[in-house]
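Structure record follows, encoded as structure tokens.
The values are calculated or read from the model by the stated rules, or taken from the named source; none is laboratory data. Only a predicted model underlies this, so the values are computations on that prediction, with no experimental measurement involved. All Cβ positions, even for glycine, are placed from backbone atoms using ideal geometry, and neighbour counts span all protein chains on display.
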Amino acid sequence: MKNKRFAIVLDTERCIDCKACTVACKAENDVPLGPNNYRNWVVASKLRGKYPNLGQSYTPSQCQHCSNAPCEHVCPTRATFTSSDGIVDVKEEKCIGCKYCQTACPYNARYYNEETGAIDKCTFCAQRIYAVPPRLPACVDTCPTKVRAFGDLNDPNSEVSLLLARNPSKVLKPAMGTNPHLFYLD
Amino acid sequence: MANPKKQKMSRRKFLGISSCALTTAVVGSQVKVLKALAKSGDISEPVAAITKDVYTSCGMCVNKCGVIARVRDGVIHKLDPNPNFFPKSRGMLCARGNAGTKVVYDPDRLKYPLIRVGERGEGKWRRASWEEALDMVTNNMNQIAEKYNRASMMFASTEGTFSEHFFLQLAECYGTPNTLRHPTLCLSSNIQGFSATFGTNPTPDVKNADYIIMSGANRAEALMTPDSIDMIKTDGGGRRKLVYLDPRFTKTAAKADEWYPIKPGTDMAFILALINVIITEGLYDDDFIEENTVGFEQLAQHIKQYSPGWAATECDIPAKDIRRIAHEFANAAPSAVYYQGRRSSFFQNDTQMRRAMAILNAIVGAWDTKGGLLPNKKIALTKHDYLAPWYDDVPDRLDKGGVTYLSEKDGSWPVFRDRALAADPYPIKGMMVYKQNVLVSVPDRAKSLELMKQMDFICTIDITMSDTAWYSDVVLPEATYLERLDPPENLSGPVPVVAFRQPCVEAMFESKTNFWIMQQLAKRLGPEIAETFDFTMEEHIHHMLKKKPEIYDALFGKGVYYEDTEPEYGRLKGKRLRTRSGKIELYSEKYAKKGLDPLPVYKSPDKVPTNMYRLLVGRHAYFTHGTTANNALLHDLMPENTLWLAPSEARKLRLKNGQMVKVKSKVGEEKLKLEITEKIRPDSVYMAHGFGVLSKGLSNIAGVGGSDAALIESKYCPISGNCAMHETFVQITPA
Amino acid sequence: MSAFKNRPKLFVWMAILLLGMAAGAAGVIHVLIVGHAQSYNVTREIPWGLLIATYVFLVVSSTGLCLISSLGHVFGMKQFEFIGKRAILLAILTLLCGFGAIGMEINHPIRMGIYTILSPNFSSAIWWMGTLYGVYLMFLCAEFYFLMKGMHKGAFTMGVLGFTAAVSAHSNLGAVFGLLEARPFWHGSFLPIYFIVSALVSGCALIGMIVYFNHKKSGAPMPLKYADFMDTLGRLQILTLMTLVFFVVWKIIPGIYGHPPEKYEATMSMISGPFAFNFWFFEVLMGLVIPLCILFPKKTRTPTGVMFAGLSSTIGIFFMRYDLVIIGQLVSMREGTAELVNGLLQYTPSLSELGITIGAICTCLFLYTVAERLLPLDPEEH
Ligand SMILES: Nc1nc2c(c(=O)[nH]1)N[C@H]1C(S)=C(S)[C@@H](COP(=O)(O)OP(=O)(O)OC[C@H]3O[C@@H](n4cnc5c(=O)[nH]c(N)nc54)[C@H](O)[C@@H]3O)O[C@H]1N2
Ligand SMILES: Nc1nc2c(c(=O)[nH]1)N[C@H]1C(S)=C(S)[C@@H](COP(=O)(O)OP(=O)(O)OC[C@H]3O[C@@H](n4cnc5c(=O)[nH]c(N)nc54)[C@H](O)[C@@H]3O)O[C@H]1N2
Ligand code: SF4
Ligand code: SF4
Ligand code: SF4
Ligand code: SF4
Ligand code: SF4
Ligand SMILES: [Mo]
């Protein structure tokens, strides 16, 4: 069987910055309380224009599950690793808490989880997508306006593959060469 | 990170406030909290064997979205959206819905019946047994009946728990007409204005409308399902246009195609000008008007005075835009709606303003048709009938006659409170509160405090130590929505659904369902009343579903029951509407008879006095009203509220971003942080609702931010009795 | 107490160091009780704080001492031979205290011990840095042992190995920062090289102070031989400082020229932003200008002058380390993270962090002072 390559495609035009995704993720993944502890976030752009001609966009994001992941390269103990399905994950018991990966990640996707005593980050909700029956990642599932689509890029008929085939898209900080797997529709 | 320390501290929270004198434990995951509590003997350990998915409905706001509770090892681990909940919430849960777990496992939640031992509001409590607390409540109720009159007890409540009807039943059986419900804080002028026109309060078909004008309705933040979902442009289908009017640049404004920072209180001028253009330029739907409406002639005559040029000076929207929007709107019609907000507690002329909205929709034929206003449908459930005891000489409602159209069950909060304070025509001495936060939700907090002060007795049934509970004599802990079996509830709409709730876990501590509490009180009030509550919740549910037993299976099988997935258009075509004429009343004979303007007559809002600002009220996406700001998960998103002020004004007042300011109105004074932002008109200020609480039992937000309720004056619409929350002017000075 | 009887100055010195160590102990205990998160001001956005800077400062000192002293027993510059023992001893102590500082920053030092061995990642600069510094420590210890035993051949071999390890470990430390593409202020081959240069400055400065105070304590006037050495050291110091100036200038220019994104903001925070005082006063004035002003004129290049120049540049260098570590993280990785002030993130060390830093430095000095009294560190006369 061919490996999976999971990815998320986002249509930020639909985002209303309700932060349901953030709270859903915190609840699903037992992210400790505290405003600095989160696996995903929504960036509200600076206000554009001058009153009364204003504009603002909202860009949700999370770990990009880079296929050339600096966090993985720098981790001294290989606590950070990439699974065969493309999910970049952390083995808690191997994490020494050096926070090198935090300084290496260009997206600020990682935080130190005091409760597990290890670096924590988005895992594409592996516990949900591999559950029987499978469930969508919490942030994907809960979104009122369905900003995110989740699926397997190696399946040409998956929603994400189709979205990327039919629409131009971009990734964040492409110049970093991280090869992210969060795609933003133009 | 201005203060990383502070942000980090919020991670450690201690269980129980002094008033509840409980254990302390570090809160982490749910399981840790429970283990800590179990150790101290306050609750039994969660049953690890229980792992299941439970269908239920969200209880965090009016929408009642469909929920699947994932119970793991006896603990509600996660709330997921119910994808079956199709026509209404369509597989979504908002931030608040997701934060529901923290309602159950909230260290601040009410755990035991509490009886006040100190002064009111001092926060000194003792834990009491249910027996004692319930006896105390009914003893006081009986005393008040004896000493004054049964009508001297007021019952305040708000919808949402699916069991409010038991509370109202108790009020009726006890013998008081004085129930005070939320509509006059919320939408009663809306209902009034639209019903006077259409005979009902319809729902806009947001999903299918090509053109939407939304004013005073912030759907991207004030979430209403499914409108908040449907409001977003989708790729497939006709591209829709959203024109949005709000003195603030909200998230809806960010999503809209056009945003106009309309001068507050002038929406009617804008609407009348649209009608003016549509009529004078012949853009209306002739056939529709002919067939379905009365009073077009009078309207055409009346509207002449309201030209776009005139409106432009009133509402700060350029005349050419008004004209263009009128054309676009009429061209898109009937697949075009002027979207009425839900909360309409804005201005004193609100009912007439809503009438104007309704009329505008009617003259382009956007009624009972795809993309227009749709009459709501209901799935009929059998009501529980009971025979309330008869009492002699119980007077009329205290607020009777206070406004033109007073709802018998809802009353009018501002009118009622004024009369109660004057004991006119009789005193109000006892207060039962259920799922309403009087001190936060009713404008002019000082007045509400006065009202509470004059009470002989106050009992509040809540789930957390709300401000209102804090000022009560007896506080009864209700089981939260995730711990209750709640009766099915019809959520009416163009595509109605039936929702229900079932317990996901056993009720924690000594919390009990409202139904149980009502039964217990009824028992103590005498056999005649007890008899009206003599059934189990299961029996009640079966009774309600008697005519459609299949609902039962649908509810337990997939969490929801519905019959259609798409609205039925033209349902009322050719049928008599519930107005006098049976038609859409552009001209309201009914109003004329009552001495009201039969056609909406514009009156400018009071001018903002110099050196003052108009205080605006509005929703925040992360909170529901005044009590969820304390929820740990939501608190992380927004730990305090700020006062929005335009940069030009801040410069004038020499105020800096982030500094503390004093906000002073005629009725109150609050302190909070200033947020300088272009997102608001220079003549207005705004603050999010739900901070500046009095209760120290809300440990995350006690002493943080300012309360809008403390500032808002208690003006109201004389037709509907709805509060007018945007007619308060404030002064801002450095704190 | 008798040791202090006739030495009020030593008493005051030791008392100060003990106080400093107590501050360190308080910091450590605080961390052990309430945990890292509550004790440190490092955040999600700025995960590396004062302790990492302290670590860098201490290991740079160690490297510098090793490199400069190797001029003597490795490269055969006779004049430098006599400082060997002291320099290597202090190199060991600074390295150990540096390890202590980073050990307090890392959440799981024990896991580190286990998994750097069981599950090494050869593409991680931190792994290499740790490993190489470990090896370096072993060589230093062996070298010190041979020096103490007067085994010159062994000392020479170990000196060569130590020198090699020092250069590799230390340039690797530069690489820990330099390899981070996400942090333009650090990224590139500049830092590995710069780290070596600045180590030489540290080494000269510290050796100047060692020699000075070593003779000061004896009360006797400094023999001519040592005074000569101080002059040579002073001139060497001029050379290293000038090289450092060169590096500093060429660090700044590409950081400003053409406004390279993120690098510019970071560089400007140092030129005219929140780190301007640190930069201009400590790094430039104390670290470079004052020492050079003292060292250039023959008149002031006295043993006392060289000592003061060393002290001044050491203080300056501490701020160089701190600024380097923090400034590299000041630019937020994305919009809307924590509250920004003038577009930059903020970090101020917590009391625990300050305490541990002071503690680490004082421990180092304390151990050195004690060793000075207990071990025969004076060179055997040939
Ligand atoms: N997240 C969230 N969602 C909710 C609720 C909640 O508490 N939180 N509550 C629910 C309830 S009970 C209700 S009633 C609804 C309310 O939902 P909405 O009816 O949308 O009400 P608000 O957000 O209170 O106010 C709407 C907007 O009107 C603007 N406004 C103020 N004055 C004027 C004016 O004169 N003209 C115009 N055009 N605009 C004006 C305000 O700035 C505000 O943004 O939301 C429901 N949904
Ligand atoms: N200043 C200002 N005032 C407003 C508004 C505003 O925007 N600003 N909005 C107005 C509007 S539109 C509305 S609808 C009203 C709403 O105001 P209220 O009618 O007061 O309703 P809520 O604030 O939602 O909740 C009231 C109480 O119910 C409690 N509660 C929640 N769940 C349960 C439960 O399951 N059981 C029990 N027993 N109690 C429960 C909460 O803890 C809270 O104390 O406020 C109005 N007042
Ligand atoms: S849940 Fe969806 S709409 Fe809400 S903030 Fe997240 S991505 Fe945006
Ligand atoms: S986004 Fe950051 S944490 Fe995620 S894989 Fe890429 S570098 Fe690693
Ligand atoms: S903090 Fe943990 S995951 Fe990150 S680099 Fe260090 S060991 Fe690896
Ligand atoms: S996929 Fe799961 S872990 Fe990742 S951000 Fe979404 S909810 Fe969080
Ligand atoms: S909108 Fe949010 S809070 Fe309201 S019912 Fe739905 S999920 Fe619950
Ligand atoms: Mo409402």
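Among all residue pairs at least 6 apart or on different chains, which show Cβ distances below 7 Å where the first residue, located in region B:549-570, is closer than 17 Å to B:Leu374 by Cα and the second is among the polar types (S, T, N, Q) and surrounded by 16 or more Cβ atoms within 10 Å (Cβ to Cβ)?
Correct list of pairs: B:Tyr569/B:Thr369; B:Gly570/B:Thr369.
For region C:161-195, which residues satisfy the criterion of being more than 19 Å from A:Cys75 (Cα to Cα), touching a residue at least 60 places away in the same chain (Cβ under 8 Å) and not in a helix (DSSP H, G or I)?
C:Pro184, C:Phe185
Just checking, which of C:Gly100, C:Gly27, C:Gly76 is within 26 Å of C:Leu233 (Cβ to Cβ) and of a type outside the set (A, V, I, L, M, F, W, C)?
Values: C:Gly100 fails: within 26 Å of C:Leu233 (Cβ to Cβ); C:Gly27 fails: within 26 Å of C:Leu233 (Cβ to Cβ).
One residue alone meets the criteria, C:Gly76.
Restricting attention to region B:184-233, which residues are within 11 Å of chain A (Cβ to nearest Cβ) and either within 16 Å of ligand 4 (Cβ to nearest atom) or of a type in the set (S, T, N, Q) (or both)?
Scanning region B:184-233 gives B:Asn218, B:Thr225, B:Ser228.
Taking the conditions exactly as written (within 24 Å of B:Gln352 (Cα to Cα) and crowded, with 23+ Cβ neighbours inside 10 Å), does B:Phe270 satisfy them or not? Lay out the reasoning, then the answer.
Values: within 24 Å of B:Gln352 (Cα to Cα): yes; crowded, with 23+ Cβ neighbours inside 10 Å: yes.
Against the criterion (within 24 Å of B:Gln352 (Cα to Cα) and crowded, with 23+ Cβ neighbours inside 10 Å), B:Phe270 qualifies.
Which ones in region B:62-101 are over 23 Å from B:Asn490 (Cβ atoms) and within 21 Å of the chain's Cα centre (by Cα)?
Within region B:62-101, B:Ala95, B:Asn98, B:Ala99 qualify.
If only one of A:Thr142, A:Thr178 is within 16 Å of ligand 4 (Cβ to nearest atom) and not charged (D, E, K, R), which one is it? Don't jump to the end; show me each part of the working.
Numbers: A:Thr142 fails: within 16 Å of ligand 4 (Cβ to nearest atom).
Unique residue meeting the criteria: A:Thr178.
Tell me, yes or no, whether region B:612-629 has at least one residue that is surrounded by fewer than 20 Cβ atoms within 10 Å (Cβ to Cβ), more than 15 Å from ligand 1 (Cβ to nearest atom) and either away from chain A (no Cβ under 14 Å) or of a type in the set (A, V, I, L, M) (or both).
yes
Within region B:536-550, count every residue that is in contact with a Ser or Thr (Cβ under 9 Å, 6 or more places away or on another chain) and not in a loop (DSSP other than H, G, I, E, B).
Counting residues in region B:536-550 that are in contact with a Ser or Thr (Cβ under 9 Å, 6 or more places away or on another chain) and not in a loop (DSSP other than H, G, I, E, B) gives 3.
Please report, ordered by residue number, the strands (runs of 3 or more DSSP E) entirely within region A:1-75 with at least 2 residues that are away from ligand 5 (no atom under 16 Å from the Cβ) and closer than 30 Å to C:Phe122 by Cβ. Spell out how you get there, then give the answer.
On the way: elements: A:6-10, A:40-44, A:48-50, A:53-55, A:58-62.
By residue number, A:6-10.
Of all residues in region C:89-107, count the ones that are assigned to a helix (DSSP H, G or I) and in contact with a Cys (Cβ under 7 Å, 6 or more places away or on another chain). Spell out the reasoning first.
As a first pass, look at region C:89-107 and keep what is assigned to a helix (DSSP H, G or I): C:89-105.
With in contact with a Cys (Cβ under 7 Å, 6 or more places away or on another chain) added as a condition, the list becomes C:91-94, C:97.
Result for region C:89-107: 5.
Of the conditions (1) farther than 28 Å from B:Ala69 by Cα; (2) modelled with pLDDT under 95, A:Lys91 fails just one. Which one is it?
Just one mismatch for A:Lys91, condition (2).
If we keep just the residues of region A:142-179 that are away from every other protein chain (no Cβ under 13 Å) and within 14 Å of the chain's Cα centre (by Cα), which is nearest to C:Ala182 (Cα to Cα)? Can you show your working first?
Initial filter on region A:142-179 (away from every other protein chain (no Cβ under 13 Å)): A:150-161, A:164-165, A:168-171.
Imposing the further condition that a residue be within 14 Å of the chain's Cα centre (by Cα) reduces the set to A:150-151, A:171.
Working: A:Phe150: 26, A:Gly151: 28, A:Val171: 15 Å.
That would be A:Val171.
If you take just the helices (runs of 4 or more DSSP H) that sit entirely in region B:79-172, which of them hold at least 3 residues that are within 16 Å of ligand 3 (Cβ to nearest atom) and within 14 Å of chain A (Cβ to nearest Cβ)?
Working: elements: B:95-98, B:101-104, B:130-147.
Counting at least 3 such residues, we get B:95-98.
Just need a number here: residues in region B:200-236 that are among the basic types (Lys, Arg), more than 14 Å from ligand 3 (Cβ to nearest atom) and at pLDDT 95 or above. Steps first, answer last, please.
Step one: list which residues in region B:200-236 are among the basic types (Lys, Arg), which gives B:207, B:219, B:233.
If we keep only those that are more than 14 Å from ligand 3 (Cβ to nearest atom) as well, we get B:207.
This time we only want the ones that are at pLDDT 95 or above, so: none.
Within region B:200-236, residues that are among the basic types (Lys, Arg), more than 14 Å from ligand 3 (Cβ to nearest atom) and at pLDDT 95 or above number 0.
Kindly list, by first and then second residue, each pair from a residue in region C:135-160 that is closer than 16 Å to C:Ile92 by Cβ to a residue that is part of a loop (DSSP other than H, G, I, E, B), limited to pairs with Cβ atoms under 7 Å and residues at least 6 apart or on different chains.
Filtered contacts from region C:135-160: C:Gly159/C:Val74.
Just one of the numbered conditions (1) under 28 Å from the mean Cα position of the chain (by Cα); (2) surrounded by fewer than 23 Cβ atoms within 10 Å (Cβ to Cβ); (3) among the polar types (S, T, N, Q) is not true of B:Ser581; which one?
(1)
If you go through region B:234-244 one residue at a time, do you hit one that is within 29 Å of B:Pro494 (Cα to Cα) and buried (at least 23 other Cβ atoms within 10 Å of the Cβ)?
Taking region B:234-244 and keeping what is within 29 Å of B:Pro494 (Cα to Cα), we get B:234-244.
Narrowing the set further to residues that are buried (at least 23 other Cβ atoms within 10 Å of the Cβ) leaves B:244.
Yes, there is a match, as at least one residue in region B:234-244 is within 29 Å of B:Pro494 (Cα to Cα) and buried (at least 23 other Cβ atoms within 10 Å of the Cβ).
Scan region A:96-113 residue by residue and report those that are out of contact with any helix residue (DSSP H, G or I) (no Cβ under 7 Å at 6 or more places or on another chain) and in a loop (DSSP other than H, G, I, E, B). Full working, then the answer.
As a first pass, look at region A:96-113 and keep what is out of contact with any helix residue (DSSP H, G or I) (no Cβ under 7 Å at 6 or more places or on another chain): A:97, A:99, A:102-103, A:107-109, A:111-113.
Of everything in region A:96-113, those that are out of contact with any helix residue (DSSP H, G or I) (no Cβ under 7 Å at 6 or more places or on another chain) and in a loop (DSSP other than H, G, I, E, B) turn out to be A:Gly97, A:Lys99, A:Tyr107, A:Asn108, A:Ala109.
Specify the residue that is nearest to ligand 7 (Cβ to nearest atom); the eligible residues are those in region A:78-95 that are assigned to a loop (DSSP other than H, G, I, E, B) and buried (at least 24 other Cβ atoms within 10 Å of the Cβ). Outline the logic, then answer.
From region A:78-95, those assigned to a loop (DSSP other than H, G, I, E, B) are A:78-79, A:83-87, A:91, A:95; that's our starting set.
Those left that are additionally buried (at least 24 other Cβ atoms within 10 Å of the Cβ): A:79, A:95.
Working: A:Ala79: 36, A:Cys95: 35 Å.
The selected residue is A:Cys95.
Considering every residue within region C:285-301, establish whether at least one is more than 14 Å from chain A (Cβ to nearest Cβ), in contact (Cβ under 8 Å) with a residue 60 or more places away in the chain and surrounded by fewer than 23 Cβ atoms within 10 Å (Cβ to Cβ).
Within region C:285-301, one or more residues are more than 14 Å from chain A (Cβ to nearest Cβ), in contact (Cβ under 8 Å) with a residue 60 or more places away in the chain and surrounded by fewer than 23 Cβ atoms within 10 Å (Cβ to Cβ).
Under 9 Å by Cβ, and 6 or more places apart or on different chains, what pairs join a residue from region A:12-25 that is under 19 Å from B:Met231 (Cα atoms) with one that is within 16 Å of ligand 8 (Cβ to nearest atom) and hydroxyl-bearing (Ser, Thr, Tyr)?
Listed pairs, sorted by first residue: A:Ile16/B:Ser228; A:Cys18/B:Ser228.
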